[in-house]
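Visitor: After the structure tokens below, expect a handful of questions from me.
Here, each number is a calculation from the coordinates, and none is a lab measurement. This structure is a prediction, so every number in the text was calculated from the model and none was measured. Neighbour counts run over all protein chains shown; Cβ positions are idealised from the backbone, glycine included.
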Amino acid sequence: MTLTKKLVGIAAAGAVVIAMGSQAAVAAPQSSQHQIPDNVPGFVAHASDVGATNGATKLHLTVWLQQPNEAALQSLLRSQYTPRSANYHHWLTPDQFATQFAATDEQVASVRDFLGSQGITVTSVPGNRLYVNATATVRQAEQAFNVSIDNYRWHGATYYANHAAPVIADPAGSLVSFVGGLDDAPAFRFAGSQPQPSTAVAYDALCGGFDTTKTLNFTDGTSRTFKGFVPCGYRGNQLRTAYGADAAGGPTGAGQTVAIVDAYGSPTLQQDVAAFAKDAGMDSEYPPQVTQLGPVGTANKKESRAQDPLGWQAEVTLDAEAVYAMAPRAQILVVAAPNNYADLDQAVNTVVVKHLANIVTNSWGYSTDIGPAGQAQRDERIFEQAAAEGIGLNFSSGDGGDEVAATGVKSVDFPASSPWVTAVGGTSLFLNSDNSYDFETGWGTNISKLAGCASSTPDDTTGFLTCSTYDDSSAADLGFDGGAGGGLSNIWQAQPWQSSAIGTDQAAGFGTVGTHRALPDVGMLADPYTGMAINITDLSAGDTKPEVEPYGGTSLASPLFAGVMALVDQARAQNHAGPAGLASQYLYNLPKGALRDVTPPPAGVGNTVSDDPSSFSLFYGSRYSGSLFAPTFNEDSSLATSTGWDDVTGVGSPDVPGFVTALSKK
């Protein structure tokens with residue numbers, strides 16, 4: 001099965017066309033040996049085998065089933081997303097989808113019986129019958145699927161994985177398309193929620209403009225004056241003003257639900273969002289409406305070396321507060337997975353099967369070359385069902401730029417690279433003194449150490465250092481430090497609305513777009529140096545009440561955009577239109593005034609220590625070492641901002657009043 005989707009339209013009168021009248025059974029071939037292709041992690045070929053995995057190790061397996069009527073589903077999706085088609089925006093219900101495009105109960109029973117015969121315990125089957133969840137020991141899985149599961153060293157860590165494709169010696173094997181859980185490498189990581197460095201700036205003010213200056217003394221007797229932007233985290237009300245979401249009489253997200261899919265949840269979320277709303281001066285007019293589904297309270301339970309519950313607490317908090325900032329009257333539903341393995345995409349499936357929301361934001365993913373190709377194929381069916389139901393899935397595009405620094409090869413992140421989700425890239429945002437929009441540029445940071453601290457005075461209260469004399473002998477270029485993910489997928493083809501609009505454009509780090517799925521689609525604030533100040537009871541720091549911390553990453557951009565889409569859906573409801581569905585379908589042909597094109601910064605802005613004339617820098621002094629650093633703006637690995645679509649910020653950022661108006665009637 002190829003990952004390239006070719007859709008053909010269907011035309012029929014009436015509402016939703018269910019393309020076929022009955023489910024197609026999956027016939028078992030004559031042989032009882034059924035090999036499951038695309039089921040070996042890509043890293044295995046490059047890793048060192050260090051021996052067998054303990055046979056008693058418990059595995060959580062997801063046995064994905066072959067799905068019927070694939071061609072009919074593709075035809076229906078094309079029809080639903082083609083203007084002037086009879087089915088344009090006539091969305092399916094979950095029951096309609098399951099009736100037409102899911103495995104049968106008999107097929108599920110056959111797979112369950114096989115697993116039970118191998119001593120494997122079936123734990124659940126979702127309503128759309130995409131997969132069967134089960135638990136097994138390594139020894140049981142090796143016997144059932146005719147594989148060996150060994151430990152491998154790769155990129156400094158040890159993972160277990162199968163090194164050959166599973167083989168099922170049973171007729172039920174013909175019903176299986178992928179076996180997840182045979183390895184523990186492809187844990188989803190949160191795309192961002194990067195904290196702004198815990199630093200005191202090397203200036204007298206916490207926040208300042210581009211003309212903020214500070215004169216520093218050096219050990220050679222000289223003094224040097226630095227001028228540059230001074231960072232601070234924006235509050236929710238500032239971001240509403242900057243993007244125009246606070247326009248008088250404009251939508252507020254009322255009547256809409258935005259689902260946030262993350263791992264673990266946060267036991268302090270209610271008090272944190274309440275504090276965020278209060279500090280932004282929004283609480284009395286817009287009391288937050290936040291609920292959680294899932295294992296709330298597990299944030300202190302570290303389940304494995306590949307998981308970080310406390311790190312995910314910040315992610316959950318950032319996501320909820322960012323949605324609230326843009327759509328303060330929306331219902332915010334956090335759907336918390338119990339871990340950051342396959343349960344994350346299964347949490348998305350829960351939203352889809354139960355249709356818990358029309359808008360979903362996801363701030364997690366992994367590089368497409370880490371996991372087995374079959375995993376992406378299986379997740380794609382979840383995303384296709386969401387699209388068929390009119391659910392808009394939004395994913396952070398990632399925080400590693402072109403991913404070369406992390407993986408050694410240029411890559412885009414998945415699931416952001418799926419053609420059935422909207423990939424949200426990142427910007428650095430700058431405001432005027434009245435919080436109105438000044439400009440945005442691409443989020444991409446390189447770090448230089450300008451000087452070390454030669455003599456300092458610690459603060460009696462905090463212990464943080466204030467440096468009085470500097471020494472530049474330790475100056476160094478520390479290289480790329482993060483930026484919005486983007487580029488071209490080598491796995492997926494673009495939707496027609498994207499390839500027809502930007503096929504001749506250049507993705508700076510990858511080449512001509514052509515028919516590749518290009519990332520991202522759109523951009524919003526992500527740079528932690530111009531990030532959002534969140535309120536969080538940081539359990540990792542021992543907090544007992546909310547503290548203010550600036551955060552960023554495309555983990556901020558995706559929920560901000562999801563909040564904007566809640567405003568769109570409210571306006572559509574007022575115009576007696578259904579939910580927008582997949583946002584990317586609209587983005588490549590919007591009228592003037594709906595988007596702000598994000599480009600290199602204005603000439604003459606700030607100082608720079610970079611060779612790139614389109615970049616500029618801020619300067620800060622570390623609270624811990626006293627050293628002086630210069631992070632740059634608009635230097636995103638091999639990616640680059642440009643006029644029109646680019647592989648850092650997509651088509652640009654929404655200018656909310658014009659954006660909502662443009663999308664409210666489509």
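Visitor: Could you state the principal axis extents of the C-alpha atoms in the chain, from the largest down, to the nearest angstrom?
Guide: For the chain, the Cα extents along the three principal axes come out at 86, 61, 48 Å.
Visitor: Going through segment 550-653, which chymotrypsin sites (Phe, Trp or Tyr not before Pro) have at most 16 other Cβ atoms within 10 Å and a DSSP loop state?
Guide: Numbers: sites: Y551, F561, Y586, Y588, F616, F619, Y620, Y624, F629, F633, W645; in loops: Y588, F619, Y624, W645.
Sites meeting the loop and neighbour criteria: Y624.
Visitor: Rounded to two decimals, what is the ratio between the C-alpha radius of gyration of segment 445-539 and 2.2 N^0.38 Å? Write down the numbers at each step before the final one.
Guide: Details: Rg = 21.8 Å, N = 95, 2.2 N^0.38 = 12.4 Å.
Expressed relative to 2.2 N^0.38 Å, the Cα Rg reads 1.76.
Visitor: Please state the Cα pair-distance histogram of segment 626-666 with 5 angstrom bins from zero: what percent is in each bin?
Guide: Percent of pairs per bin, in order: 5, 17, 15, 16, 13, 12, 9, 6, 3, 2, 1.
Visitor: First measure r as the distance between the Cβ atoms of T99 and Q270, then evaluate 1/(1 + (r/R0)^6) with R0 = 35 Å and state the FRET efficiency to the nearest 0.05. It would help to have the intermediate numbers written out before the result.
Guide: Working: r = 38 Å, r/R0 = 1.10.
Once rounded, the FRET efficiency stands at 0.35.
Visitor: Relative contact order for segment 74-180 using alpha-carbon pairs under 8 Å, separation at least 6, rounded to a whole percent?
Guide: On the way: 109 pairs, mean separation 18.6, N = 107.
The normalised contact order for segment 74-180 reaches 17 percent.
Visitor: Then there's this: Using the number of other C-beta atoms within 10 angstrom as an exposure proxy, rank E285, E315, E635 with the fewest first. Walk me through the numbers before you get to the answer.
Guide: Details: E285 10, E315 28, E635 25.
Starting with the residue having the fewest Cβ neighbours, the order is E285, E635, E315.
Visitor: Sticking with this structure for a sec: Once phi is turned into θ = phi - 60°, what whole-Hz ³J(HN,Hα) does the Karplus curve with 6.51, -1.76 and 1.60 give for every residue of segment 276-283, x standing for Gly and Pro?
Guide: Using θ = phi - 60°, the values come out as 4, 5, 5, 5, 7, x, 10, 5 Hz.
Visitor: Using R₀ = 30 Å, calculate the FRET efficiency as 1/(1 + (r/R₀)^6) where r is the Cβ-Cβ separation of D543 and D434; round to 0.05.
Guide: Working: r = 33 Å, r/R0 = 1.09.
That pair, D543 with D434, gives E of 0.35.
Visitor: With 10 angstrom as the radius, rank W154, W420 by how many other C-beta atoms surround their C-beta, starting from the fewest. The partial results should precede the final answer.
Guide: Details: W154 16, W420 24.
Ascending Cβ contact count within 10 Å gives the list W154, W420.
Visitor: Sticking with this structure for a sec: Starting with the fewest neighbours, write out D150, D459, D184 ranked by other beta-carbon atoms found within 10 Å of each beta-carbon. All intermediate terms of the calculation are to be shown ahead of the outcome.
Guide: Numbers: D150 19, D459 11, D184 22.
Ranked by crowding around the Cβ, least crowded first: D459, D150, D184.
Visitor: Give me the Kirkwood hydrodynamic radius of segment 418-497, using the inverse of the mean 1/r over all pairs of distinct Cα atoms, in Å to one decimal.
Guide: Details: mean 1/r = 0.0571 Å⁻¹.
Result for segment 418-497 stands at 17.5 Å.
Visitor: Report the Cα centroid-to-centroid distance between segment 549-604 and segment 400-437 in angstrom, as an integer.
Guide: When both Cα centres are located, 14 Å separates them.
Visitor: If you don't mind, there's one more thing I want to ask. Under the rule of -39500 (n - 2.57) per DSSP H run of 4 or more residues, summed and divided by the residues of the chain, what mean residue ellipticity at 222 nm is obtained, to the nearest 500 deg cm²/dmol? Walk me through the intermediate numbers first.
Guide: Working: 14 runs with 150 residues, N = 666.
Theoretical 222 nm ellipticity from helices: -7000 deg cm²/dmol.
Visitor: Output the direction-averaged projected area (hull surface divided by four) of the convex hull of the alpha-carbon atoms of segment 493-603, in nm². Spell out each step's value before the answer.
Guide: Numbers: hull surface 44.2 nm².
Mean shadow area of the hull around the Cα atoms is 11.0 nm².
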